[in-house]
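**Student:** One structure, as structure tokens, below. Some questions next.
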Amino acid sequence: MIFRPRPEKLELVLLRYLHSRMVFNESQALIFFTIEKGYEGELKCDAWLKGLSDEWLILNDLLFDYHGSLFQIDTLIIAYEKIYLLDVKYFEGDHTIKEDKWFTPTGKPEKNPLHQLERCETLFKQLLNELGYKISVESYLIFINPEFHLYQTTINPAIIFPSQLNRFLKKLKTKPVQLNKRHYDLAQELVDHHIEESPYTRLHKYSYEQLKKGITCANCKTLFLDDTLVCNKCGFVEDVEAAVLRSVKEFAILFPDKLITVDYIYDWCGGLKSKKALRRVLSKYFVLVGKARASHYKES
Ligand SMILES: [Zn+2]
């Protein structure tokens, strides 16, 4: 069973919002692409693991701080006699290993994911030990993209290739033994130890002034050109209420310190909808707090 579902990645949500409203430089674009691809891979892994027995406990996206060392785990599977630690990679194309060094399809050096996996496993074992659990840990790098290939000279059993995914799952399925209370306690303790990291501190700086104003299309995320709310790019048509609510949500997530006021939302929506129309939507879904010029809306 899924003990901890994979949460929506706030950092990715923020980047998607920003991407519609500003031009990313090369490094920003690369970060966005990497996070988007990584998340896609994790979702594919979740879908793949759906076939796993209900006897297992699956915990997704955990972040731990072990005495100052941060480490993140994509997926943990708690089985009767061991824990499987999975690091999911959505690499694409032909990658190469030469003397323990990894290279991208274009020949650029890349971080050796096995080193990351080893570090993660070591820290996780120490955490388990500290929590008082004696259970063995087996770690795997899961390459989930069928368009991935790795040229290597030695075989590493910690690497699961796309063509091996089904067999790997079959192997796991042959071993289910009913879990007991201790396994559930461990799962809960791990969830309790998970820390939330603020995505705002990691993101590059952005300011309200720098972002393009307007309402984005719910379907293709480009900005609507006029107040008809018919997308020029994909033809999607949206009703005013849904479009305004989405814009307010975007505004609130991008600028958690700013107050939601009619004036701000009017400006944020690029003046596409009248203040009267905005006030009507805001009053319907939010509560008005404060008086006169200090008044603003809060989620009810
Ligand atoms: Zn569109």
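The values are calculated or read from the model by the stated rules, or taken from the named source; none is laboratory data. In this text, all values refer to a predicted model and were calculated from it rather than measured experimentally. Positions of Cβ are backbone-derived with ideal geometry, glycine not excepted, and every protein chain shown enters the neighbour counts.
**Student:** With the requirement that a residue be away from the ligand (no atom under 16 Å from the Cβ) and not acidic (Asp, Glu), what does region 247-258 give you?
**Tutor:** Within region 247-258, VAL248, LYS249, PHE251, ALA252, ILE253, LEU254, PHE255, PRO256, LYS258 qualify.
**Student:** I've got another one for you. If you check every pair at least six apart or on different chains, which have Cβ atoms under 8 Å apart with a residue in region 71-95 that is outside the structural domain of GLN178 (by TED's automatic domain parsing) first and a residue that is of a type in the set (Phe, Trp, Tyr) and in a strand (DSSP E or B) second?
**Tutor:** Nothing qualifies.
**Student:** Do you know which residues across region 142-198 are among the charged types (D, E, K, R), exposed (fewer than 12 other Cβ atoms within 10 Å of the Cβ) and closer than 19 Å to ASN60 by Cβ?
**Tutor:** ASP192, GLU196
**Student:** Considering only region 215-234, how many residues are within 13 Å of ARG21 (Cβ to Cβ), near the ligand (Cβ under 10 Å from one of its atoms) and in contact with a strand residue (DSSP E or B) (Cβ under 9 Å, 6 or more places away or on another chain)?
**Tutor:** Total meeting the criteria: 5.
**Student:** Going by the conditions given, is ALA29 more than 30 Å from TYR206 (Cβ to Cβ) and either modelled with pLDDT of 95 or more or aliphatic (A, V, I, L, M) (or both)?
**Tutor:** No: the conditions fail for ALA29.
**Student:** Same structure, new question: Checking the conditions here, which among LEU131, LEU127 is touching a residue at least 12 places away in the same chain (Cβ under 8 Å), assigned by TED's automatic domain parsing to the domain that holds THR154 and surrounded by 15 or more Cβ atoms within 10 Å (Cβ to Cβ)?
**Tutor:** On inspection, the qualifying residue turns out to be LEU127.
**Student:** Let me ask something else. Mind listing whichever residues of region 83-111 are of a type in the set (D, E, K, R) and out of contact with any helix residue (DSSP H, G or I) (no Cβ under 9 Å at 6 or more places or on another chain)?
**Tutor:** Hits for region 83-111 are ASP94, LYS98, GLU99, LYS101, LYS108, GLU110, LYS111.
**Student:** Please state which one of VAL244, VAL237, VAL262 is within 14 Å of the ligand (Cβ to nearest atom) and not assigned by TED's automatic domain parsing to the domain that holds LYS82.
**Tutor:** Exactly one residue qualifies, and that residue is VAL237.
**Student:** Of all the strands (runs of 3 or more DSSP E) wholly in region 37-109, which have at least 3 residues that are under 23 Å from the mean Cα position of the chain (by Cα)?
**Tutor:** Fully inside region 37-109 and qualifying: 57-66, 69-78, 82-89.
**Student:** Now a separate question. So which pairs qualify, if the first residue must be in region 39-51 and touching a residue at least 12 places away in the same chain (Cβ under 8 Å), the second must be in a helix (DSSP H, G or I) and surrounded by 14 or more Cβ atoms within 10 Å (Cβ to Cβ), the Cβ gap must be under 8 Å, and the two must be at least 6 apart or on different chains?
**Tutor:** Within 8 Å, the pairs are TYR39/LEU12; TRP48/LEU165; TRP48/LEU169; LEU49/LEU169; GLY51/LEU169.
**Student:** Which members of region 203-249 meet the condition of being under 25 Å from the mean Cα position of the chain (by Cα), free of Cβ contacts under 8 Å to residues at least 24 places away in the same chain and more than 16 Å from ILE265 (Cα to Cα)?
**Tutor:** Matches in region 203-249: LYS205, CYS217, ASN219, CYS220.
**Student:** List the residue pairs whose Cβ atoms are under 7 Å apart, where the first residue sits in region 12-34 and is free of Cβ contacts under 8 Å to residues at least 12 places away in the same chain, the second is assigned to a helix (DSSP H, G or I), and the two are 6 or more positions apart or on different chains.
**Tutor:** Listed pairs, sorted by first residue: PHE24/PHE32.
**Student:** Another question about this same structure. Could you check, for region 2-24, whether at least one of its residues is assigned by TED's automatic domain parsing to the domain that holds THR174, crowded, with 16+ Cβ neighbours inside 10 Å and within 24 Å of TYR151 (Cα to Cα)?
**Tutor:** Checked against the condition, which is being assigned by TED's automatic domain parsing to the domain that holds THR174, crowded, with 16+ Cβ neighbours inside 10 Å and within 24 Å of TYR151 (Cα to Cα), region 2-24 yields no hits at all.
**Student:** Can you find a residue that is among the small types (Gly, Ala, Ser) and either under 21 Å from LEU15 (Cβ atoms) or within 29 Å of the chain's Cα centre (by Cα) (or both) anywhere in region 251-259?
**Tutor:** yes
**Student:** Might you check whether a residue that is polar (S, T, N, Q) and over 18 Å from THR154 (Cβ atoms) occurs anywhere in region 78-100?
**Tutor:** No: region 78-100 contains no residue that is polar (S, T, N, Q) and over 18 Å from THR154 (Cβ atoms).
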